[in-house]
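First up is the structure itself, then whatever we jot down about it.
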Amino acid sequence: METQQPKTMEDSKTKQEELANAIMARRSLPTVIGPEAWEGYSFSDLEIRIKESTDLYGAVLWPSAMVLCHFLETNRDKYNLTDKNVIELGAGTGLVTIVSSLLGAKVTSTDLPDVLGNLQYNVMRNTKGRCKYIPLVTELIWGKEVEQRFPRATHCFDYILAADVVYAHSYLEELMDTFDHLCQENTQILWAMRFRLDPENSFVDRFRQRFHLEELYDLPSLSIKLYRAWRKDRRTREQGEAAA
Ligand SMILES: C[S@@+](CC[C@H](N)C(=O)[O-])C[C@H]1O[C@@H](n2cnc3c(N)ncnc32)[C@H](O)[C@@H]1O
């Protein structure tokens with residue numbers, strides 16, 4: 001597994017910088033301007049073309065998505081997605097869904113209704129004929145009818161993936177409850193988090209009360225951390241809540 005094990009602070013900074021640069025180098029722009037605007041991303045030895053639009057958060061590709069994709073691609077031995085049930089929250093333009101599907105996962109890709117058209121377009125364009133499982137693109141509004149749409153009894157996910165879903169929006173509690181609902185005993189959450197303002201830090205603190213949290217990457221130049229999380233059992237949670 002690609003890890004950051006530096007000897008000194010200076011070493012550590014250099015390693016973090018190198019990793020951030022390697023991740024950002026996966027993006028390329030078309031050399032010729034054609035009728036349709038797209039950006040290219042290189043993962044799984046393939047070029048992935050992503051179409052963005054400008055009017056919505058979910059219509060732009062955020063660097064956190066590249067961080068999560070880089071991790072998935074370079075840690076396939078430890079986090080093997082082949083035949084795994086995966087759900088992505090706030091999938092946006094779809095890069096994480098596409099890369100996970102290319103890595104062999106059965107992916108349910110979710111977001112707000114307005115975002116789904118462009119998401120479906122990108123997902124189909126980049127996975128058709130290239131993947132074992134066709135990804136399912138569907139609506140999931142955090143906190144809304146989550147049990148009806150994804151009953152815990154029948155929907156068991158190996159991984160929940162999320163990139164840049166925590167920022168100054170009014171649905172942070174609903175997002176927390178959605179993680180909580182979807183994350184079962186054997187589920188792992190891989191979550192790339194872009195730090196912008198204080199509410200994001202307090203979300204991480206509250207998240208830590210419900211889930212075990214391991215930091216996989218720390219990339220200060222991008223203000224992004226990548227976390228792995230898994231459920232705390234009920235007793236550990238109650239002890240944590242009592243101590244808070
Ligand atoms: C900053 S964008 C990140 C998009 C993508 N994951 C990426 O990193 O490029 C946040 C995403 O969360 C979605 N989102 C925001 N509020 C939501 C809600 N209440 N329910 C579901 N998705 C939501 C947005 O539509 C958007 O796709």
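What dipole magnitude, in Debye to the nearest 20, does the chain give about its Cα centre under +1 on Lys/Arg Cβ and -1 on Asp/Glu Cβ?
Here the size comes out at about 540 debye.
With contacts defined as alpha carbon pairs under 8 Å and 6 or more residues apart, what's the relative contact order of the chain in percent?
Relative contact order comes out at 16 percent.
Can you give me the distance in nm between label points at ASN21 and GLN184, each placed 7 Å from the Cα along the Cα-to-Cβ direction?
The modelled label-to-label distance comes out at 4.5 nm.
Restricting to the chain, what percent of DSSP beta bridges are antiparallel, rounded to 5?
Numbers: 21 of 38 bridges.
The antiparallel fraction comes to roughly 55 percent.
Could you give the DSSP H helices of the chain that reach 24 angstrom or more along their long axis (alpha carbon positions) and whose average Kyte-Doolittle hydropathy is no lower than 1.6?
Sorted by number, there is nothing, because no helix extends far enough and scores high enough.
Past 24 Å, Cα to Cα, is the threshold; run LYS51/LYS128; LYS51/LYS144; LYS15/LYS232; LYS132/LYS232 against it and keep the listed order.
Listed pairs above 24 Å: LYS51/LYS144; LYS15/LYS232; LYS132/LYS232.
Could you list, bin by bin from short to long, the percent of Cα-Cα pairs of the chain in 5 Å steps?
1, 6, 13, 18, 20, 18, 12, 7, 3, 1, 0, 0
Report the full-extension gain for the segment ALA37 to GLU52: residue separation times 0.36 nm, less the Cα-Cα distance, to one decimal in nm. Walk me through the intermediate numbers first.
Working: separation 15, 0.36 × 15 = 5.40 nm, distance 0.76 nm.
Gain on extension, ALA37 to GLU52, equals 4.6 nm.
Using +1 at the Cβ of each Lys and Arg and -1 at the Cβ of each Asp and Glu in the chain, identify which of PHE150, VAL204, LEU112 lies farthest towards the dipole's positive end.
Looking along the dipole axis, the top candidate is PHE150.
Can you give the calculated 222 nm mean residue ellipticity of the chain, where each DSSP H run of n ≥ 4 adds -39,500 (n - 2.57) and the sum is split over every residue, rounded to the nearest 500 deg cm²/dmol?
Counting only the DSSP helices, I get -10500 deg cm²/dmol.
Could you list which residues have their amide H under 5 Å from that of ILE134, counting only those 5 or more apart in sequence or on another chain, with H placed in the peptide plane?
When sequence neighbours closer than 5 places are left aside, there are no close amide H contacts.
A short reminder: the numbers here are calculations on the coordinates, not readings from a lab. None of these values were measured; they are calculated from a predicted model. Quick reminder, even Gly has a Cβ in these numbers, built from the backbone with ideal geometry, and neighbours come from all protein chains shown.
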